[in-house]
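Trainee: One structure, pasted below without further comment.
Laboratory data are not the source of any read-out in this text; all were calculated from the coordinates shown. This is a predicted model, so every value here is computed, not measured. Counting neighbours? That spans all protein chains shown, and the Cβs are built from the backbone with ideal geometry, glycine included.
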Amino acid sequence: MDNRNLLSARTDPALVSIREMNMARDGKTILNGISFDLALGEILVILGPSGSGKSSLLRCLNRLESNSGGEILFEGRETRTLRITELRRKIGMVFQIPSLPPATVRENVGTGPRLHGEVLTGEDCATLLNRVGLGSTFAERQVESLSVGEKQRVALAMALANHPSVLLLDEPTSALDPTAVLTIENLIKSIHQRLNTATLLVTHDLNQALRFNATTLLLHEGRIIAKGNIQEMMRHPSDERVRRFFQGELSEANPERPPGAKK
Amino acid sequence: MNTLSLVFSYGLVVLALLISWWHGLRMEKEMVLSSLRATVQLIVVGFLLEAIFKIESTGYLFLILLFMCGVGGVVSGNRGREVPASHAIAFAGIVAGSSGTFAVLFWAGVIHPEPRYIIPIGGMIIGNSMNTASLTFNRLAAELKHQRGRIETLLALGADAGQASLDAVRQSVKAALIPTFDSMKTVGLVHLPGIMTGYIIAGGSPLTAVKYQLAIMYMLGGAAGLTCLAVALLAYRRCFNSDLQLALRLRA
């Protein structure tokens, strides 16, 4: 663990704590003995080859998947004991491929508030669109007419409309073209800084992890095989698997693979 | 029509057999088997109905209707295997749709509590309910799978099962009602329904036949509407587990 992470862990009690979490699906172990903390304002990158369990790990946090053992604590309380809809409102999520119902951008952005009986004002909508780098002229456009990158920004604004304290990003750029990737990455960084959310970013792309240059969990076959600053990890691999990952020898760790492909 | 003329009318099937043989269509075996099957089935049903129409006790009639609903539940439930507890849901939907329709028909005096009304009309209502239930399942499972990304997006925003699957439920109800209401639109223009044809052939006046046919159309519409609503509303909840995750079964 690097110093920065230790410091923030001391000043801020963990918002999310995972303790010895396991997860199995159809009798097959997907995740095994996962433990880590995430504090408010912290950004954590989960890096690993396809099929290493990254998405499953992320989806356990807002209980889109259920863990089979261990604990997942949110604000110090076991997530199983919390009301699931409340938990999910506080933990925003952006998926690999944005799937938005056919409607205007404004209607889509207002989905979260509408689900619990509130109306997103035009002003709030404009603020959110501004935050994700879309002008307020986008508000009345149909989402079908947008590019994938623009849809992904709308998806981000949708998640932010609930004012989440945790943001889960599940390979949010893997369906995008290279320029859109950088734009979204910068957007994630600026949102993270401005809103001080606890952010978890899942990626299979080593270069993306390097660009974020944050505390990184390296996942392989459902286990965390390394944890710490990505640059440090690369310079001093803690074991053979880590070294092989950075040399692109673990399956699909190669950053040259085409975007959008998964599993 | 005497029995001999019926035997002669089988000559038409023989004609079809000859055509098949002549052109090498190799459908002779299937033609013979299916025409024999239809003959045996209908004769058995005829004798059964003769016996059933002598039943005085409404309790027995009720059991027969329940049996029909049970068969419908199994057939339609098999269609919806991806939805947990699909057989129970199909049965409940068919019972709800047909009993609701029956209640109105009795109340309005369209049918009387006599076997010769209850059994054939019950068969039509339950059969139509079964088709509607199957279509509802089929479309609901397909929509939920197709919309998985959108549904998970909604769930992640804090939606409950009803909010997340609202569009899928709407689509499946709409799709399940299309055949019933399309046949309402074209009735008399494209085809004369069997029951009307039968009534007219048996010597009834066309206007009385139309009256019955209308009542039947309304009742089929009502049964279909009630059934698909019941099935869709019972089924969508089952497609989400207690953690509000989309949990469709994989097709066996």
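Trainee: Sort A:Arg83, A:Arg19 by Cβ crowding within 10 Å, fewest neighbours at the top.
Mentor: A:Arg83, A:Arg19
Trainee: Ratio of alpha-carbon Rg to the 2.2 N^0.38 Å globular estimate for chain A, to two decimals, please.
Mentor: 0.99
Trainee: Between B:Ala92, B:Ala159, B:Ala168, where does the largest GNM mean-square fluctuation fall for chain B, given springs only between Cα atoms within less than 10 Å?
Mentor: B:Ala159
Trainee: Okay, next question. Could you rank the peptides B:193-202, A:156-165, B:79-88 by their average count of other C-beta atoms within 10 Å per residue, with the highest value first?
Mentor: A:156-165, B:79-88, B:193-202
Trainee: Decide, for region B:1-62, between rounded, prolate and oblate: order the square roots of the alpha carbon gyration tensor eigenvalues as a ≥ b ≥ c, take rounded if a/c falls under 1.5, and otherwise choose prolate if a/b is larger than b/c, else oblate.
Mentor: oblate
Trainee: Right, next: What percent antiparallel are the DSSP beta bridges of chain A, to the nearest 5?
Mentor: Rounded to the nearest five, the antiparallel share is 55 percent.
Trainee: Still on this structure: For the charge dipole of chain B, defined by +1 on Lys and Arg C-beta atoms and -1 on Asp and Glu C-beta atoms about the Cα centroid, which residue among B:Met68, B:Pro206, B:Gln147 has the Cα displaced farthest towards the positive pole?
Mentor: It is B:Gln147, whose Cα lies furthest towards the positive end.
Trainee: Also, I was wondering about something else. I'd like the mean, over residues of B:147-153, of how many other protein chain beta carbons sit within 10 Å of each residue's own Cβ.
Mentor: That works out to 5 on average.
Trainee: Which residue, B:His112, B:His146, B:His191, has the most motion in a Gaussian network model of chain B that connects Cα atoms within less than 10 Å?
Mentor: The residue that fluctuates most here is B:His191.
Trainee: Okay, next question. Please name whichever of A:His236, A:Gly53, A:Ala139 sits farthest to the positive end of the charge dipole of chain A, dipole taken about the Cα centre and charges placed at Cβ: Lys and Arg +1, Asp and Glu -1.
Mentor: Farthest along the dipole direction, towards plus: A:Gly53.
Trainee: How much mean residue ellipticity at 222 nm does chain B get from its helices, if each DSSP H run of length 4 or more adds -39500 (n - 2.57) and you divide by all residues, to the nearest 500 deg cm²/dmol?
Mentor: Helices in chain B give a 222 nm mean residue ellipticity of -27000 deg cm²/dmol.
Trainee: Something else about it: Using the Cα centre as the reference, give the magnitude of the dipole from point charges on the C-beta atoms of chain B (Lys, Arg: +1; Asp, Glu: -1; all else neutral), rounded to the nearest 20 debye.
Mentor: Its charge dipole is roughly 420 debye.
Trainee: Please give the peptides B:18-31, B:131-144 ranked by average Cβ packing (other Cβ atoms within 10 Å per residue), highest first, as a rough proxy for protection.
Mentor: B:131-144, B:18-31
Trainee: May I pose another question? Counting only other chains, what is the mean number of Cβ atoms within 10 angstrom of the Cβ of each residue in peptide B:157-165?
Mentor: 6
Trainee: Between A:Val143, A:Val109, A:Val119, find the one with the highest GNM mean-square fluctuation for chain A; connect C-alpha pairs within less than 10 Å.
Mentor: The residue that fluctuates most here is A:Val119.
Trainee: If you don't mind, there's one more thing I want to ask. If you take every DSSP beta bridge fully contained in the protein assembly as shown, what fraction is antiparallel? Give it as a percent rounded to 5.
Mentor: Just about 55 percent of them are antiparallel.
Trainee: With the Cα gyration tensor of the protein assembly as shown in hand, give its eigenvalues times 5 under a square root as the equivalent ellipsoid semi-axes, listed largest first in whole angstrom.
Mentor: Sorted largest first and rounded, they come to 61, 25, 22 Å.
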